Each structure stands twice: as structure tokens, then as C-alpha cells.
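Taking it in order: structure first as C-alpha cells, then the write-up.
Read the figures in this text as sums done on the coordinates, not as results from a lab. The structure displayed is predicted, hence computed values, not measured ones. Cβ atoms come from the backbone with ideal geometry, glycine included; neighbour counts cover every protein chain shown.
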Amino acid sequence: MIASKPNDVALYLMGERAAVLQSLSASTLECQRRIWRVAQQLRLDDYIDIVPGMNNLTVIFDPEKTSGQQVVGVLESMWASAGAQDFTSRNIRIPVCYGGEFGPDLEHVAKHAGLTPEQVIGAHTAAEYVVYFLGFQPGFAYLGGLPASLATPRRAEPRLSVPAGSVGIGGAQTGIYPSASPGGWQLIGRTALTLFNPALATPTLLQPGDVIRFVAVEELTHD
């Protein structure tokens, strides 16, 4: 049921415990930053969960504390006042050991790109990445910003187990596996950072809107 529909978003309830803001505009970084700004403001209130997605935002609430229509009204008001420039991002550096046992597909990526492994590492660490949203597994960040020259198709046969912390390239994206899982991305390195820890108040290290830089290191030093 559509509860409200400003010119550039649809606002609606999804069941009795969730309200959704869906942008009707093209997916752009400016639109995402506006969504992230609304999410930042919502986290100051008493909601069960705030889930920013690609071009959308879902608010999980307790219907015994507030009505769905009230949440939709809050979303509409915040969207009207939020500006992309108001979003405050974090800058995070990810240390990565490239190649060797930690990056068994680095040579393949280099050959596909027509580069040397050192040039692949240089291009991967020179770029600035933005976390657009989390998905696939807890703490897995979908990043925008991979240089087009490094885009490499996924493996024809996915690995049955990819180690936690593995940094890979899959098509036009790069990402980090927070925990061991099957996966088909081309592995170029590994980080020792813990990306997901359910024991923490904020279990995921990376959050939508974070700005990421990869840094090449010689040793895999665990945090």
C-alpha cells in the first residue's frame, strides 16, 4: 500500500513492522548519500533496525511503540530536508597482503587486464571506494569505484571455501569476504581485519557510505 508519494520517492509499509523509502530517481552517489543521511538521522531514534539499500531505505519498527503511518511521515519529512552534502562519511584504510597464497588469482587478473601484478596492485590501491550497501553475508560490503581496467569475470568454477578476509574482484566490483564461504570472485589478496563480529554493539566494521582505501602491506598482521 502506498502511504505517500512525493515526486522523487515512494513511501510505503511492508507488513506491520517495516516502512520503506524507495527512490524513483536513477541510482547515483548523490541519491545514496541522501539516503545515508536519512539513515544517520533515524539511528538517533528508537527503531529496531535501519537498513539502507541501493536506492532504498527500510525501517524496522515496533508497532506497539509507533504506527506505520507515523514512521512513513517521519521518512517523508526527513527526505524532504536531507541533503547529500549533509552526510558524514568515514574514511577507512584496509591493509592487504596481495598475491601469493593470499591472492592466488592475482596473476590471472593481471593477464586479463594486460598488466603486471604490480600494476594491478598499484591500480587497486590507488582507487577510492564507496560502500553502497551490505549484503550476501553479514558484513559483506558492495563497493563502487573499481577501476574499469581491473574488471575481471568471476571464476568459471567457484571455490567451495574462500578464507575470511579475502579480497577479490568479481566483474566490475571488488569486495572482501567477512567470513569463510563458497565464492567465485578472483582472489587478489587478503586482510587480517575482522569485518564482522556479532559480539560487538556494531557488529559490522564497514557501513554504507564509508570511503575505503586499500593499502598494500608485506605481512598479514591480525587485529
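Tabulated data
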{"quantity": "Calculated [θ] (222 nm, deg cm²/dmol) that DSSP helices of n ≥ 4 give over the chain, each run adding -39,500 (n - 2.57)", "calculated": "-6500 deg cm²/dmol"}
{"quantity": "For region 135-219, the spread of Cα positions along each principal axis, largest first, Å", "calculated": "37, 29, 28"}
{"quantity": "Cα-centre dipole for the chain with unit charges at Cβ (Lys and Arg positive, Asp and Glu negative), debye to 20", "calculated": "280 debye"}
{"quantity": "q = 0.07, 0.12 Å⁻¹, the chain: log10 I(q)/I(0) [Debye, one scatterer per Cα]", "calculated": "-0.26, -0.70"}
{"quantity": "The chain, relative contact order in percent, only Cα pairs under 8 angstrom and at least six apart counted", "calculated": "20 percent"}
{"quantity": "Charge sum, other residues only, whose C-beta stays under 14 Å from Gly15's C-beta, Lys/Arg counted +1 and Asp/Glu -1", "calculated": "-2"}
{"quantity": "Descending semi-axes in whole angstrom, ellipsoid equivalent of region 2-86, from the Cα gyration tensor", "calculated": "20, 14, 11"}
{"quantity": "Inter-part distance where region 92-113 and region 2-71 are each reduced to a Cα centre, Å", "calculated": "37 Å"}
{"quantity": "For region 117-131, Karplus couplings with θ = phi - 60° (6.51, -1.76, 1.60), whole Hz, Gly/Pro x", "calculated": "x, 5, 5, 4, 4, x, 5, 5, 7, 7, 7, 10, 10, 10, 6"}
{"quantity": "Dipole of region 81-124, positive direction: furthest Cα of Gly83, Tyr98, Ala123, with charges on the beta-carbon", "calculated": "Gly83"}
{"quantity": "Cβ charges +1 (Lys, Arg) and -1 (Asp, Glu), total dipole of region 91-216, debye", "calculated": "100 debye"}
